[in-house]
Amino acid sequence: MKELVETLAKALVDDVEEVKVTSREENDVLILELHVASPDMGKIIGKQGRIARAIRTVVRAAAVRKDKKVIVDIVQ
C-alpha cells in the first residue's frame, strides 16, 4: 500500500525527492501519511479535493483485496 501511494504521488508532483510516505497501524487500520513539498500540495489535493479523493479511492480498492482498512492522510 505504501508503495502504491508513493508511486501515485511521485507521478503528480514536481519535486519527487520530497515525497515521503510513512505508515502506522492502529486498531487494525493502516494509516498512511503522505508528505510532499509545500508547492506540490495543490497538485496532490486537486480542485475541490478530487485528486486526493481519487488517491484514497484507489488505495481503498487495493486494500479491500487484502482485507485491510486503510486511511490516507495528506500532511504538509
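Nothing in this text is a laboratory measurement; each read-out follows from the coordinates by a stated rule. Keep in mind that this is a model prediction, so the values were computed, not measured. Note: ideal-geometry Cβ built from the backbone for every residue, glycine included; neighbour counts use all protein chains shown.
Here are the numbers for the structure shown:
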| quantity | calculated |
| --- | --- |
| Cβ-defined net charge surrounding His35, 13 Å radius [Lys, Arg +1; Asp, Glu -1] | -4 |
| Share of alpha-carbon pairs per 5 Å distance bin for the chain, given as whole % | 3, 17, 29, 26, 15, 7, 2 |
| Structure-based [θ]222 nm, the chain - -39500 (n - 2.57) summed over DSSP H runs of at least 4, per residue, nearest 500 | -12500 deg cm²/dmol |
| Of every Cα-Cα pair in the range 30-74, the percent that sits beyond 13 Å | 56 percent |
| Using alpha-carbon coordinates, inclination of helix 50-65 to the longest axis of the chain, degrees | 30 degrees |
| Packing-based ranking, highest mean first, of 9-18, 27-36 given that Cβ atoms within 10 Å are counted | 27-36, 9-18 |
| Considering only the chain, percent of DSSP beta bridges that pair antiparallel, nearest 5 | 50 percent |
